[in-house]
Structure formats: C-alpha cells, structure tokens
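Below you'll find the structure, written out as structure tokens, and then a few comments.
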Amino acid sequence: MDDALPVLIVEDDALIGLMLVDMFDALDLPPPVHASSVAEALEQIDQKNFCGAFVDVNLGEEKGWPVAEALANRNIPFVFTTGGGVNVPPAFKDAPMIMKPFRIHDIEEAVQAFG
C-alpha cells in the first residue's frame, strides 16, 4: 500500500465505521478517510486521491454504485462491503466483496490487494 495515499471508507453506520478505523489502527495502517453517504464519498473522491476504498453497498436509502463507478473511472481499486443479499449490477459483478461482520484478516487482505 502506498503510505502517502489513504484508504476511503464509505459506510453510513457510525459504529461500523469506527470499528473499521479501529481495525486499521490495530493493523498499524494509516487512518482512513470516512464518508457516510454517496454525496460525501463523491466529494472526497473529487478532492483527494486514494489507494483504495471500502464501499458499503447499502448507504441508507442509497446504493454504493455511483461511488464504485467514480472509483473505477479513476482506476482506484475498491471492495464492496455488505451484510448480505446483494444484487450487484453487471458492471461490478467481478468486484471483490467482504461480508459483515468484518474479520480483521479480510480487511488486511483487501488493503494489501490495493497495492
């Protein structure tokens, strides 16, 4: 992972977001940037560069697809996160997915895969 570039976490549940931040700390990774909505995530992507992202599929009443599209357009790798029961659009059918509840090993592997 490029130490100069942070990871973006797109997660609308504050407790899950804090848990992910704690996992990054436990793994001795740089603190991630957090966004809790599609609009906030898109704003972050427009303002900063990221080495990768974790994108929750369900963001309140929205889906994370626009965020995934913006990341893909910038060649930023990402993984979807979900509690299950997801019907992924064809454009993202091959995107990696991490199921909730998260295991620290899965988070570590995903960040390492970002390069």
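The values are calculated or read from the model by the stated rules, or taken from the named source; none is laboratory data. The structure presented is a predicted model; accordingly, all values stated were derived computationally and were not measured. Cβ sites come from the backbone with ideal geometry, for glycine too, and all protein chains shown count toward neighbours. In case anyone asks, the SASA skips ligands and DNA or RNA and just uses the protein heavy atoms, side chains included. Shrake-Rupley method; radii C 1.70, N 1.55, O 1.52, S 1.80 Å.
Check off (1) in contact with a Gly (Cβ under 7 Å, 6 or more places away or on another chain); (2) crowded, with 20+ Cβ neighbours inside 10 Å for ASP12 and give me the number that stays unchecked.
Tallying (1) in contact with a Gly (Cβ under 7 Å, 6 or more places away or on another chain); (2) crowded, with 20+ Cβ neighbours inside 10 Å, ASP12 fails exactly one: (2).
Quick check on my filter: what residues within segment 87-99 are open to solvent by 50 Å² or more (accessible area, probe 1.4 Å), closer than 22 Å to LEU20 by Cα and assigned to a loop (DSSP other than H, G, I, E, B)?
Residue satisfying the conditions is PRO96 alone.
Restrict the check to segment 67-82 and report whether at least one residue is at pLDDT 95 or above, part of a helix (DSSP H, G or I) and charged (D, E, K, R).
Yes, segment 67-82 contains at least one residue that is at pLDDT 95 or above, part of a helix (DSSP H, G or I) and charged (D, E, K, R).
How many residues are under 13 Å from the mean Cα position of the chain (by Cα) and either closer than 17 Å to ASN73 by Cα or surrounded by fewer than 18 Cβ atoms within 10 Å (Cβ to Cβ) (or both) if we restrict to segment 41-60?
Summing the residues that are under 13 Å from the mean Cα position of the chain (by Cα) and either closer than 17 Å to ASN73 by Cα or surrounded by fewer than 18 Cβ atoms within 10 Å (Cβ to Cβ) (or both) in segment 41-60 gives 11.
What are the residue pairs meeting all of these: first residue in segment 7-21, first residue in a loop (DSSP other than H, G, I, E, B), second residue surrounded by 17 or more Cβ atoms within 10 Å (Cβ to Cβ), Cβ atoms under 6 Å, and 6 or more apart or on different chains?
Short answer, once both residue conditions are applied: GLU11/GLY17; GLU11/ASP56; ASP12/SER36; ASP12/LEU59.
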